[in-house]
1. From the list Leu66, Leu46, Leu82, which one is open to solvent by less than 40 Å² (accessible area, probe 1.4 Å), farther than 24 Å from Asp121 by Cα and not β-branched (Val, Ile, Thr)?
2. Could you please let me know if Ala110 is among the small types (Gly, Ala, Ser) and open to solvent by 10 Å² or more (accessible area, probe 1.4 Å)?
3. Given the conditions (1) of a type in the set (Lys, Arg); (2) assigned by TED's automatic domain parsing to the domain that holds Gln28; (3) on the phi < 0 side of the Ramachandran plot, report the number of the one that Arg235 does not fulfil.
4. With the condition kept exactly as written, say whether any residue in the range 268-275 is modelled with pLDDT under 95, open to solvent by 70 Å² or more (accessible area, probe 1.4 Å) and part of a loop (DSSP other than H, G, I, E, B).
5. What's the total number of residues in the range 254-265 that are open to solvent by 40 Å² or more (accessible area, probe 1.4 Å) and either within 17 Å of Arg235 (Cβ to Cβ) or of a type outside the set (D, E, K, R) (or both)?
6. Give the residues of the range 12-33 that are part of a helix (DSSP H, G or I), more than 10 Å from the ligand (Cβ to nearest atom) and among the small types (Gly, Ala, Ser), sorted by residue number.
7. Any residue at all in the range 173-186 that is among the polar types (S, T, N, Q) and closer than 30 Å to Thr7 by Cα?
8. Open to solvent by less than 10 Å² (accessible area, probe 1.4 Å) and touching a residue at least 12 places away in the same chain (Cβ under 8 Å): is that true of Ile136 in this structure?
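The values are calculated or read from the model by the stated rules, or taken from the named source; none is laboratory data. As the structure is a computational prediction, the values presented were derived from the model and not from experiment. Here the Cβ is made from the backbone with ideal geometry for all residues, glycine too, and neighbour counts use every protein chain on show. Note: accessible area is taken over every heavy atom of the protein model, side chains too, but ligands, DNA and RNA are not part of it. Shrake-Rupley method; radii C 1.70, N 1.55, O 1.52, S 1.80 Å.
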Amino acid sequence: MNKEIATPQRTKAVLEKYGFSFKKSLGQNFLIDSNIIRNIVASAGLTGNSGAIEIGPGIGSLTEQLAKTAEKVVAFEIDDRLLPILEDTLSPYQNVNIIHSDVLKADVKAVIKDNFPNGQDIMVVANLPYYVTTPILMKLIEEKLPIRGIVCMIQKEVADRIAASPSTKEYGSLSIATQYYAKAETVFIVPSTVFVPKPNVDSAVLRLTMREKPLVDVIDEEFFFTVVRASFAQRRKTLLNNLTHNLFSKNQKPLVEEALASAEIDPKRRGESLSIEEFARMSDALYKRLK
Ligand code: SAM
């Protein structure tokens, strides 16, 4: 039996055999540490009946451990040069389906329906390409897919922003957009030495557990997120200033003040101090007066 793919020796041999050169533009930093991979897979809580969806299998190092743990793995890979390599490295595993596609353009819901028709437990598990981390995560969570959650390696700085609490410098519209749909936690930090090539940023494994329903009830979801983004537009400005400069006009100021008063939110506060519940209250009060 061959060594696991995620060892420096095996990875080097595979890359040499195929003359593979990394494309920085595709965020290709491959994992070469089996312990880290086992910890990522363990964080997903998969069973032998689970389905796993991977984004960017690379040469198959994480895919291999997923195939050993879950019932079936479906992996989206954009780089056609990796397809023959994956066919080779993953040939011992019959439960892997590689889809050659940009995950941002893929109909993930349809892929789930085709591959996991029995409504089984499904987790997304990935070492994400860092240049598109946020668009991929937002797509997966906003499409309301039938998944239990997502365990992914991303830049530590982005993981910190996603899992941030109010009144911290990391807290912002990304924390709220994610935590609205999912419980977010950083599971562990990963040194750059476990990748080839080494990325220039620190990495972390983030776990998102999808909520059955959003954290807060709001009258209009789109308006809620617009209010959140406007409130953080200039972090040093007060809520009132941000809202009247970025979302409403100056002559609507009295109505904005009235809405904030009715939601019991001090207009001098900054967006970063509001909990998601307070944002919901404020957005509904603004909606009732100004929409
Ligand atoms: N899973 C492998 C590992 O851990 O060693 C590779 C991870 S590497 C950080 C990211 C992978 O995502 C690469 O294989 C890259 O080609 C692929 N990728 C980049 N953009 C993608 C996209 N939009 N859709 C699907 N795969 C993508």
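1. Values: Leu66 fails: farther than 24 Å from Asp121 by Cα; Leu46 fails: farther than 24 Å from Asp121 by Cα.
Only one candidate passes the filter, namely Leu82.
2. Working: among the small types (Gly, Ala, Ser): yes; open to solvent by 10 Å² or more (accessible area, probe 1.4 Å): yes.
Considered against the rule, which asks whether it is among the small types (Gly, Ala, Ser) and open to solvent by 10 Å² or more (accessible area, probe 1.4 Å), Ala110 comes out as yes.
3. Single failed check for Arg235: (2).
4. Here is the first cut: in the range 268-275, the ones modelled with pLDDT under 95 are none.
No, the range 268-275 contains no residue that is modelled with pLDDT under 95, open to solvent by 70 Å² or more (accessible area, probe 1.4 Å) and part of a loop (DSSP other than H, G, I, E, B).
5. Within the range 254-265, the subset open to solvent by 40 Å² or more (accessible area, probe 1.4 Å) is 254-255, 257-258, 261-262, 264.
Still in the list and also either within 17 Å of Arg235 (Cβ to Cβ) or of a type outside the set (D, E, K, R) (or both): 254-255, 261-262.
Residues in the range 254-265 being open to solvent by 40 Å² or more (accessible area, probe 1.4 Å) and either within 17 Å of Arg235 (Cβ to Cβ) or of a type outside the set (D, E, K, R) (or both): 4 in total.
6. Initial filter on the range 12-33 (part of a helix (DSSP H, G or I)): 12-18, 24-26.
Add one more test, that the residue is more than 10 Å from the ligand (Cβ to nearest atom), and what stays is 12-18, 24.
Correct list: Ala13 only.
7. Our first condition is that a residue be among the polar types (S, T, N, Q); within the range 173-186, this holds for 173, 175, 178-179, 186.
Applying the additional criterion that residues be closer than 30 Å to Thr7 by Cα yields 186.
Yes, some residue in the range 173-186 is among the polar types (S, T, N, Q) and closer than 30 Å to Thr7 by Cα.
8. On the way: open to solvent by less than 10 Å² (accessible area, probe 1.4 Å): yes; touching a residue at least 12 places away in the same chain (Cβ under 8 Å): yes.
Spelling it out, Ile136 is indeed open to solvent by less than 10 Å² (accessible area, probe 1.4 Å) and touching a residue at least 12 places away in the same chain (Cβ under 8 Å).
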